[in-house]
Amino acid sequence: MPKKGNLSVICGPMFSGKSRELIRLIHIAEIAGQRTATFKPRIDTRYSHSDVSSHDGFHKGAHAVETASEILSILATYPEFPEVVAIDEAQFFDRGITAVCLGLVDRGRRVVVAGLDRNFRGEPFGSMPELLACADEVLKLRAVCMRCKDPRVTATLPQRLVDGLPAPFDSPEVMVGGAEAYEARCLDCHEVPGKPDYSVIFQEMLIDS
Ligand code: ADP
Ligand code: MG
Ligand code: ZN
């Protein structure tokens, strides 16, 4: 029996099925007789204050916590430490989330994390880059682009909309919302007014170095 656990990270834009997959994995672990504990950041109260929910109606009871370290304090209150720890919306947690996940893996736990790998600007989101780098297993999901509806399911980015129009680059990184504020889009259809041209920035970096 291996002594260490492992870290699986599920990422992708909104509506790509991350929460649904997280709930499915918890369900399967429970069928296999494993104890599970599920967490989400308190900021995300779109469908429920205490459940992890998918956009298509799947639910799993969860602890809504303020900080990453609160996950450890709550786990310590379990009479028997759960073998599987699931965390949704990991991008909203403080930077302690990576240490918490790796600490649990060190103690033999299976940790399954879901979160947005990129924000509405297309940039890496919160601790997701570290979590993805440390993961033993990565599942990068895609959604249907709501603009071109390409049947190859090409959307990798969250498009933020304000009154139906693309939100500008300088609007705040965090704005919790559902279908009224976000849709999934592919790179061709993703719009961020005022976004710097990364190809130019990259070229300047090459000239400087
Ligand atoms: P996430 O956690 O990644 O936001 P969910 O697991 O909550 O995703 O929801 C996935 C479900 O969302 C799909 O099974 C589907 O029913 C629905 N859905 C809504 N819009 C889309 C879309 N553009 N592409 C794919 N699925 C979508
Ligand atoms: Mg979700
Ligand atoms: Zn598209």
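A few points about this structure:
Yes/no per residue for (1) within 21 Å of Lys140 (Cα to Cα); (2) without any contact (Cβ under 8 Å) to a residue 60 or more places away in the chain; (3) surrounded by fewer than 21 Cβ atoms within 10 Å (Cβ to Cβ); (4) within 16 Å of ligand 2 (Cβ to nearest atom):
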{"position": "Lys3", "(1), (2), (3), (4)": "no, no, yes, no"}
{"position": "Gly12", "(1), (2), (3), (4)": "yes, no, no, yes"}
{"position": "Ile23", "(1), (2), (3), (4)": "yes, yes, no, yes"}
{"position": "Ala64", "(1), (2), (3), (4)": "no, yes, yes, yes"}
{"position": "Glu70", "(1), (2), (3), (4)": "no, yes, yes, no"}
{"position": "Ile74", "(1), (2), (3), (4)": "no, yes, yes, no"}
{"position": "Tyr78", "(1), (2), (3), (4)": "no, yes, yes, no"}
{"position": "Val85", "(1), (2), (3), (4)": "yes, yes, no, no"}
{"position": "Gly96", "(1), (2), (3), (4)": "no, yes, yes, no"}
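- Qualifying residue in the stretch 40-62 (condition: in contact with a Pro (Cβ under 9 Å, 6 or more places away or on another chain), of a type outside the set (Phe, Trp, Tyr), surrounded by 13 or more Cβ atoms within 10 Å (Cβ to Cβ) and outside any helix (DSSP H, G or I)): no
- When Val100, Val111, Val85 are screened for being within 14 Å of the chain's Cα centre (by Cα) and more than 16 Å from ligand 3 (Cβ to nearest atom), only Val111 passes.
- Looking only at residues in the stretch 130-145 that are in contact (Cβ under 8 Å) with a residue 12 or more places away in the chain and either over 22 Å from Ser19 (Cα atoms) or more than 16 Å from ligand 2 (Cβ to nearest atom) (or both), the one that is surrounded by the fewest Cβ atoms within 10 Å (Cβ to Cβ) is Glu137.
- Qualifying residue in the stretch 185-200 (condition: hydrophobic (A, V, I, L, M, F, W, C), surrounded by fewer than 10 Cβ atoms within 10 Å (Cβ to Cβ) and more than 13 Å from ligand 1 (Cβ to nearest atom)): yes
- Restricting the stretch 77-113 to residues that are in a strand (DSSP E or B) and away from ligand 1 (no atom under 16 Å from the Cβ), the residue that is nearest to Lys195 (Cα to Cα): Val111
- Here His190 passes the criteria (1) outside any loop (DSSP other than H, G, I, E, B); (2) away from ligand 2 (no atom under 16 Å from the Cβ) except the one numbered (1).
- Conditions (1) touching a strand residue (DSSP E or B) at 6+ places or on another chain (Cβ under 9 Å); (2) over 22 Å from Ser54 (Cα atoms): number failed by Arg118: (2)
- Subset of the stretch 113-170 (residues that are more than 12 Å from Arg185 (Cβ to Cβ) and small (Gly, Ala, Ser)): Ala114, Gly115, Gly126, Ser127, Ala133, Ala135, Gly164, Ala167
- Top-ranked residue in the stretch 114-159 [being among the small types (Gly, Ala, Ser) and either part of a loop (DSSP other than H, G, I, E, B) or more than 12 Å from the chain's Cα centre (by Cα) (or both); ranked as nearest to ligand 1 (Cβ to nearest atom)]: Ala143
- Any hit, the stretch 6-23, residues being modelled with pLDDT under 95, touching a helix residue (DSSP H, G or I) at 6+ places or on another chain (Cβ under 9 Å) and either more than 24 Å from Gln159 (Cα to Cα) or not aliphatic (A, V, I, L, M) (or both): no
The values are calculated or read from the model by the stated rules, or taken from the named source; none is laboratory data. Being a predicted model, the structure only gives us computed values, none of them experimental. Neighbour counts run over all protein chains shown; Cβ positions are idealised from the backbone, glycine included.
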